[in-house]
Amino acid sequence: MENSFEHLMFSDTVATAKALLGMELYLEDKLIGRIVETEAYLGAKDSASHSAGGKRSKKNESMYLSAGHWYVYQMYGHHMLNLVTKESGTAEAVLIRALEVEEEQSVANGPGKLTRFAHITQGFDGQPIDNCALSLKEGVKPVCIDSRARIGVTCTDHWKTEPLCFYVRGNRHVSRIKKKGLLMDNDTWLPSD
């Protein structure tokens, strides 16, 4: 991973959520897919975060690790893949919500679907991305990034509607969007240098 991305992980979780769009997720050096949707969770102040109010438990302990560690938890029987983004003890992370894959568009267009498709389990929780079978590599840049409220959060204050879900505009692999009239996937990415 390039140093500029490593620096970004320590500086701003929202910027990291956007920077992850277009990056490629690998398992054992095999490409799983390209990230097309993420959600930022902003630690103690964010009532939708697992670390809201400074909450710390066995379940969210990996969220308190330093930037560049995976935080994988289980919800409704599905694993959720997150990347920790801040220095140790701060507990901010980005949920990876959807991947663009070569298979049909609905195979990884949600956080539970993508972990099932990629065989990502609790075993990756707490692992550093630079020394793990599950890794990230630079990919391509989106033509346009849009945002909306996060999906499925249960808090009732202003954090419920904060536009902290980021996605590649027009990409048909994004979750919970109308698919009719969307761009082809190769039209949603800037040309490579």
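The values are calculated or read from the model by the stated rules, or taken from the named source; none is laboratory data. In this text the structure is predicted, and so the values were computed from the model without any measurement. So basically every Cβ, Gly included, is an ideal-geometry build from the backbone, and we count neighbours across all protein chains shown. Each accessible area value is taken on the protein alone, full model and side chains, heavy atoms only, with ligands, DNA and RNA left out. Shrake-Rupley method; radii C 1.70, N 1.55, O 1.52, S 1.80 Å.
Is region 37-143 rounded, prolate or oblate when judged by the Cα gyration tensor, a ≥ b ≥ c being the square roots of its eigenvalues, rounded requiring a/c under 1.5 and prolate requiring a/b larger than b/c? Verdict is prolate for region 37-143. For the chain, the relative contact order works out to 24 percent when only alpha carbon pairs closer than 8 Å and six or more residues apart are counted.
Rounded to the nearest 20 debye, the dipole magnitude of region 1-129 is 600 debye, with +1 charges on Lys and Arg beta carbons, -1 on Asp and Glu beta carbons, and the Cα centre as origin.
Working ranking of peptides 139-145, 40-46 by packing, defined as the average number of other Cβ atoms within 10 Å per residue, highest first, is 40-46, 139-145.
In this calculation the C-beta distance from Ser106 to Asp157 is compared with R0 = 35 Å, giving a FRET efficiency of 0.60. Share of carbon and sulfur in the accessible area of region 4-187 stands at 51%, probe radius 1.4 Å.
The residues of the chain expose on average 49 square angstrom of accessible surface per residue, using a 1.4 Å probe on protein heavy atoms. Taking amide H atoms as placed 1.01 Å from N in the peptide plane, the amide H of Ala93 lies under 5 Å from those of Tyr41, Gly43, Thr85, each 5 or more residues away in sequence or on another chain.
Normalised by 2.2 N^0.38 Å, where N is the number of residues, the C-alpha radius of gyration of region 70-193 stands at 1.11. In the chain, helices alone account for a calculated mean residue ellipticity at 222 nm of -3500 deg cm²/dmol, with every DSSP H run of four or more residues adding -39,500 (n - 2.57).
A full extension of the chain between Leu190 and Lys137 corresponds to an added length of 17.4 nm, given 0.36 nm per residue minus the alpha carbon distance. Among Arg148, Arg97, Arg34, which one shows the highest mean-square fluctuation when the chain is modelled as a Gaussian network with alpha-carbon springs under 10 Å? The residue that fluctuates most here is Arg148.
Taking 0.36 nm per residue of separation and subtracting the Cα-Cα distance, full extension of the segment from Lys58 to Asp12 would add 14.0 nm.
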